[in-house]
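FYI, it's all coordinate maths here, none of it is from the lab. What you see is a predicted model, and the numbers here were worked out from it, not measured in a lab. Positions of Cβ are generated from backbone atoms using ideal geometry, with glycine treated the same way; all protein chains shown enter the neighbour counts.
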Amino acid sequence: MHLARFPRRRYTPGFTPLEPLPRLSALLGGAEIWIKRDDLLGLAGGGNKTRKLEFLVADALAQGADTLITVGAPQSNHCRLTLAAAAKEGLDCRLVIEERVPGSFSPEALGNNLLFDLMGAANVRMVKAGADLAEEMALDAAAVKAAGGHPYVIVGGGSSPLGALGYAACAQEIMAQAFEAGVAFDRLVVASGSAGTHAGLVAGLVALNAQLPVTGINVRRQRAEQEANVLKLAQATADFMGTPQPVADDIVALDAWVGPGYSLPTREMVEAVRLLARSEGILLDPVYSGKAMAGLIALVREGVLKKGERVLFLHTGGAPSLSAFGSVLRDPAFN
Ligand SMILES: *Cc1c(COP(=O)(O)O)cnc(C)c1O
């Protein structure tokens, strides 16, 4: 793996912190839990999409693009960060917002509605769940071209092999930090959504021959479907890097903490968000990192992640949307 060969913009100075979570570990009484603070990555509000955008935006600039186009759910961290990268690079940005859960879009909600306005998206439009998102983004690209511009379309979540390089790079960063800190992790736990984070990590760890298993916690799809998605993207990412191929055994994407569906609250998620906030002063989010942490907590309680083991939780970010979910987090039905 020789990632310096790929053009990259830098949006985070240096590494994100790798920290132990002693109070959470003691409360749960099982494995020793550590956290990789990718919630502290650069661009507005940080989070995992920043690493993918470093490679994607470098490619857009190399191609002479003047407008970034992408897609996401109403509180998409990927849309917020793509817009932030566009602002920083002096590019325009057009966003297609998929109302993935019917009725979930509220124009009064805070979070992204406010941030899109502050950062000045050139165009934001809503489409219904199930719309052909590639087709919708192609319409935006055609509009940009018709006006004499140069569009660059980024797939949902930035989860292409090029975007996933960001998490192959993160795998390398984690191994270097673990060596520096003298901690030999037994397992990595991460949220698994559009799959670029999970796939990039696995591709990077396989390329490094780290033999560090990754447990993905799904936020949307059922296990078989998600594992197939992650494997396909991990293999495409390895091809792109020219490194050894991950195999099916390298991919685990558990679906026990999705609850009723993408972005819909669960008691376990609310408990996890509150527990991390109160025991460690770290903010998770309801859609991704809260459900992933709910999975980790359950695996410790079930004795799957045992005392004596060291587990690294990758905090993928998302807290900038917390204000849009206040009523859910305070809802007695989930507390
Ligand atoms: C997008 C996102 C994820 C999931 O990452 P994927 O690469 O899409 O699987 C996890 N956490 C947060 C906060 C995200 O925004």
Exercise. Restricted to segment 36-55, and to residues that are within 19 Å of L296 (Cβ to Cβ) and touching a helix residue (DSSP H, G or I) at 6+ places or on another chain (Cβ under 8 Å), which residue is surrounded by the most Cβ atoms within 10 Å (Cβ to Cβ)?
Worked result: N48
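Just the residues that are of a type in the set (A, V, I, L, M, F, W, C) and in contact (Cβ under 8 Å) with a residue 12 or more places away in the chain, please, taken from segment 225-246. Break it down into steps so the answer makes sense when it comes.
From segment 225-246, those of a type in the set (A, V, I, L, M, F, W, C) are 228, 230-231, 233-234, 236, 238, 240-241; that's our starting set.
Answer for segment 225-246, where residues must be of a type in the set (A, V, I, L, M, F, W, C) and in contact (Cβ under 8 Å) with a residue 12 or more places away in the chain: V230, L231, L233, A234, A236, A238, F240, M241.
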For this session: Scan segment 131-170 for residues that are touching a helix residue (DSSP H, G or I) at 6+ places or on another chain (Cβ under 7 Å), within 16 Å of the ligand (Cβ to nearest atom) and hydrophobic (A, V, I, L, M, F, W, C) and report the count.
Result: 8
Seminar exercise, completed: Reported set for segment 171-212 where residues are within 16 Å of the ligand (Cβ to nearest atom), polar (S, T, N, Q) and over 22 Å from S160 (Cβ atoms) is none
For this session: Could you check, for segment 42-59, whether at least one of its residues is closer than 18 Å to Q177 by Cβ and either among the aliphatic types (A, V, I, L, M) or part of a strand (DSSP E or B) (or both)?
Result: no
Exercise. Name the helices (runs of 4 or more DSSP H) wholly within segment 107-224 that hold at least 2 residues that are in contact with a strand residue (DSSP E or B) (Cβ under 8 Å, 6 or more places away or on another chain), free of Cβ contacts under 8 Å to residues at least 60 places away in the same chain and closer than 21 Å to F313 by Cα?
Worked result: 196-207
Exercise. Of all residues in segment 125-163, how many are over 17 Å from A85 (Cβ atoms) and within 23 Å of the chain's Cα centre (by Cα)?
Worked result: 12
For this session: For segment 259-308, name all the residues that are over 18 Å from G46 (Cα atoms), within 16 Å of the ligand (Cβ to nearest atom) and surrounded by fewer than 16 Cβ atoms within 10 Å (Cβ to Cβ).
Result: G261, L264
Seminar exercise, completed: L21 meets each of (1) surrounded by fewer than 23 Cβ atoms within 10 Å (Cβ to Cβ); (2) touching a His at 6+ places or on another chain (Cβ under 6 Å) with one exception, condition (2)
Exercise. Can you spot a residue in segment 57-70 that is aliphatic (A, V, I, L, M) and under 30 Å from R301 (Cβ atoms)?
Worked result: no
Seminar exercise, completed: Selection over segment 229-286 where residues are among the charged types (D, E, K, R) and not in a helix (DSSP H, G or I) yields a count of 2
Problem set entry | Matching residues, segment 1-18, being surrounded by fewer than 16 Cβ atoms within 10 Å (Cβ to Cβ) and among the aliphatic types (A, V, I, L, M) | L3, A4
Exercise. Restricting the first residue to segment 74-86 and requiring it to be among the hydroxyl-bearing types (S, T, Y), which pairs with a second residue that is more than 9 Å from the ligand (Cβ to nearest atom) and part of a helix (DSSP H, G or I) meet a Cβ separation below 9 Å and a spacing of at least six or different chains?
Worked result: S76/T82; S76/N112; T82/L53; T82/L56; T82/V57
Exercise. Restricting the first residue to segment 299-321 and requiring it to be more than 17 Å from S192 (Cβ to Cβ), which pairs with a second residue that is in a helix (DSSP H, G or I) and basic (K, R) meet a Cβ separation below 7 Å and a spacing of at least six or different chains?
Worked result: P320/R80
